[in-house]
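Take a look at the structure below.
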Number of protein chains: 2
Amino acid sequence: MSLAAALLGGPGPVQRRAIAKAITLLESTRTDHRQQADALLTELLPHTGRALRLGISGVPGVGKSTFIEALGLFLIDQGLRVAVLAVDPSSSVSGGSILGDKTRMERLSMDERAYIRPSPSSGTLGGVAEKTREAMLICEAAGFDVVIVETVGVGQSETAVAGMTDMYCLLQLPNAGDDLQAIKKGVMELADLVVINKADIDAAAATRAQAQIASSLRLFGQLGHPDHAHHDRTIWHPRAMQLSALKADGIDSFWAAVSEYRDLQTANGRLAAKRQAQAQAWMWERIQAGLRQRFAEAPAVRAVLAETTAQVLNGTLAASTAARRLLAKFSGENDHA
Amino acid sequence: MSLAAALLGGPGPVQRRAIAKAITLLESTRTDHRQQADALLTELLPHTGRALRLGISGVPGVGKSTFIEALGLFLIDQGLRVAVLAVDPSSSVSGGSILGDKTRMERLSMDERAYIRPSPSSGTLGGVAEKTREAMLICEAAGFDVVIVETVGVGQSETAVAGMTDMYCLLQLPNAGDDLQAIKKGVMELADLVVINKADIDAAAATRAQAQIASSLRLFGQLGHPDHAHHDRTIWHPRAMQLSALKADGIDSFWAAVSEYRDLQTANGRLAAKRQAQAQAWMWERIQAGLRQRFAEAPAVRAVLAETTAQVLNGTLAASTAARRLLAKFSGENDHA
């Protein structure tokens, strides 16, 4: 049986092994594997797109694993299949992965209706994000209903996750510093839903945080789109809510909000438009990365890059002049190859 | 007399015409002009770097022109020569320029110790910023002591201006919405100095705004660099101040703060390090832009780009597969040229 057939053949141990094999293939650095992975993706693509793609981020300690496990078990109870993927650009440095230890989500990882995959562990954020996007497509073709992509928020990983999911949820602790950090990093304005976790520890603080974040989100909405009145019920307005993942309290309300988002954004056409824009942006992001790699690896560029950079740094060559010279080397390189 | 000699020959009508001619040359799209401009820049570069590069941004209505004129006249009074350049990526759309009308800074523009140049009026933000950076070098070689680069803050122009100046100042009105917008856009955290203008209109509001912004800046500093105690006097901590440009009230305090910044950042080595990092980032930004242009103009890419993009948008081709195919076309194109 071909890999595609095994993936499309429905749940079970055969499909499970096929998913793992497909993801290993697309994470491989071998050219022939990459070609096989591209052929597989093209074959599977018509079978993708039916899952809800849910991005979850939050700083360490916010309770992401507990939340995702509670959500995953809730969804499985509803008869849905759940895949959990991760974007962790730091795993290449630390050698470990935020999801490497499956005991982190012990109950969920043992359930055959769930599939948990740690972050690809090598390369740039762009490369890690690309492999996760492709793994998401594999899971969708395999019939998972919800694909959760989580990130711990290192570097620009929140932006990467928001750029590959339908709905981006930010987990926050009930305190204001956390809040301002999210605003500062530009993460707050990516959020479709801000979830204040650990509401059971300090209900008053959680309620204050919820009101404050809701107010920021409203103001952001007004600043970004002054014409969009907040009472327009045909579009989604980012909102804040509180829950306790540890006590599995509020997970149903969270899922109700996600479902409302999905219905609204499907009806008004924004979900489809978002996915198209994401795909196009992703294509150009990968093109840019590929061009930069080709440039950096071109022998004619490598021969002079260090010296040219030194001239720019010591002030004997204008940066724009240096760029033009290096680009000329690159083009010459290709012309005479 | 060569253009370089005229530029280096000291103030006067000859130098003035040479500056205009040099800037026209580097704004030209003709290849031979571009080559001449590069040669000129390389010749002038050893004579640059002695000016203070001051970035000024703020939304329309904040009083930027009034502030820059008041500051310019103050500096001229101190015996300094002042150049004012602008980055206005919208000028290519509007056809006009934020500095096109010199009556905007009537007194300053008539003073021969000042040089005012409107924004280059065509191209992308990257292209406009590049020409402004180069014009800045021309002005430095001509012996100007202070180069002010202003922007109205369209798109990412604040980031571009912060990326080419020693000190980035944000002008704000004394109200909170303005404040939050700056935080949201990520401009507040670029700011070395936030200036609340029009303090004469509502002193109480200006004082509230100053306290609030100072508090945000402190918190940003702690979030970004938890190890840098705010009392460390060997480094600069972003601060907020208020003034009235219209009444020329507070310009001296502003300049005192700028001078303090310059002295501190010169002594601790951060100014030199910042300029090096800016030059290197600038070089790579231009390389990326150049690569993207070469890619988009390559016949083999152009032949299939529209169709490939359509396949990505209608979901029959994965974005990463599309990127790899287009990159292969690009490389093939160059190999067989």
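Please treat every number below as a calculation from the coordinates, not as lab data. Because the structure is predicted, anything quoted here is derived from the model rather than measured. In this analysis, Cβ positions are derived from the backbone assuming ideal geometry, glycine residues included, and neighbour counts consider all displayed protein chains.
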(message) Distances in nm, one decimal, shortest first, from residue B:110 to the same residue in every other copy, taking the label point 7 angstrom along Cα→Cβ.
(response) 8.7
(request) Could you pull out every residue, at least 5 positions away or on a different chain, whose amide H is within less than 5 Å of the one on residue B:240? Hs are placed 1.01 Å off N in the peptide plane, and Pro or chain starts have none. (result) B:194
(message) Using the basic label-point model (7 angstrom from Cα toward the beta carbon), what is the residue A:5 to residue A:297 distance in nanometres?
(response) 3.5 nm
(request) Assign one of three labels to the protein assembly as shown, namely rounded, prolate or oblate, based on the Cα gyration tensor with a ≥ b ≥ c the square roots of its eigenvalues; rounded applies when a/c is under 1.5, prolate when it is not and a/b is larger than b/c, and oblate otherwise. (result) oblate
(request) Return the long-range amide H neighbours of residue B:115 (sequence gap of 5 or more, or a different chain), with a cut-off of under 5 Å between placed amide H atoms. (result) B:82, B:83, B:84
(request) Using the number of other C-beta atoms within 10 angstrom as an exposure proxy, rank B:38, B:252 with the fewest first. (result) B:252, B:38
(request) Of the listed pairs A:21/A:131; A:185/B:64; B:64/B:185, which have alpha-carbon separations greater than 22 Å here? (result) A:185/B:64
(message) At 222 nm, what value in deg cm²/dmol follows for chain A if DSSP H runs of at least 4 each add -39500 (n - 2.57) and the sum is divided by all its residues, to the nearest 500?
(response) -18000 deg cm²/dmol
(request) Let me have the relative contact order for chain B, percent, based on Cα pairs under 8 Å that are six or more residues apart. (result) 16 percent
(request) Set Lys and Arg Cβ to +1 and Asp and Glu Cβ to -1, take the dipole of chain B about its Cα centre, and tell me which of B:125, B:251, B:311 lies farthest positive. (result) B:311
(request) Report the antiparallel proportion of the DSSP beta bridges in chain A as a percent, rounded to a multiple of 5. (result) 5 percent
(message) Averaged over its residues, how many other protein chain Cβ atoms are within 10 Å of peptide B:32-42's Cβ atoms?
(response) 3
(request) Could you pull the copy-to-copy label distances for residue A:5, with points set 7 Å along Cα to Cβ, in nm to one decimal and sorted shortest first? (result) 8.3
(message) Taking the beta-carbon count within 10 Å as an exposure proxy, list A:327, A:26 from fewest neighbours to most.
(response) A:327, A:26
(request) For the protein assembly as shown, give the magnitude of the charge dipole about the Cα centre (Cβ charges: +1 Lys/Arg, -1 Asp/Glu; no others), in debye to the nearest 20. (result) 880 debye
(message) From the phi angles alone, apply the Karplus equation (6.51, -1.76, 1.60; θ = phi - 60°) to region B:262-267 and give each ³J(HN,Hα) in whole Hz, x where the residue is Gly or Pro.
(response) 4, 5, 4, 6, 6, 5
(request) Grab the other residues whose beta carbon is less than 12 angstrom from that of residue B:148, score K and R as +1, D and E as -1, and report the net. (result) 0
(request) Using DSSP, restrict attention to beta bridges with both residues in the protein assembly as shown and report what percent are antiparallel, rounded to the nearest 5. (result) 5 percent
(message) Rounded, prolate or oblate for chain A? Axes are the square roots of the Cα gyration tensor eigenvalues, ordered a ≥ b ≥ c, and the cut-off for rounded is a/c under 1.5.
(response) oblate
(message) Inside 10 Å of the C-beta atoms of B:311-317, what's the mean count of C-beta atoms belonging to other chains?
(response) 5
(request) Put a label point 7 Å from Cα along the Cβ direction on residue B:270, then list its distances to the equivalent points in the other copies in nm, shortest first. (result) 4.0
(request) List the aspartates and glutamates whose Cα lies under 18 Å from the Cα of residue A:247, skipping any in the same chain that are fewer than 8 positions away. (result) A:69, A:77, A:106, A:200, A:202
(message) How shielded is B:270-279 by partner chains, expressed as the average number of their Cβ atoms within 10 Å of its Cβ atoms?
(response) 2
(request) Based on the mean of other Cβ atoms within 10 Å per residue, sort peptides B:260-268, B:157-165, B:235-243 so the most packed one is first. (result) B:157-165, B:235-243, B:260-268
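Please say if region A:244-322 is rounded, prolate or oblate, where rounded means a/c under 1.5 for a ≥ b ≥ c the square roots of the C-alpha gyration tensor eigenvalues, and otherwise the choice is prolate for a/b larger than b/c and oblate otherwise?
Prolate is the answer for region A:244-322, as a/c is 1.5 or above and a/b outweighs b/c.
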(request) Scan around residue A:52 for amide H atoms under 5 Å from its own, H built in the peptide plane at 1.01 Å from N, and keep only partners 5 or more places away or cross-chain. (result) A:146, A:147
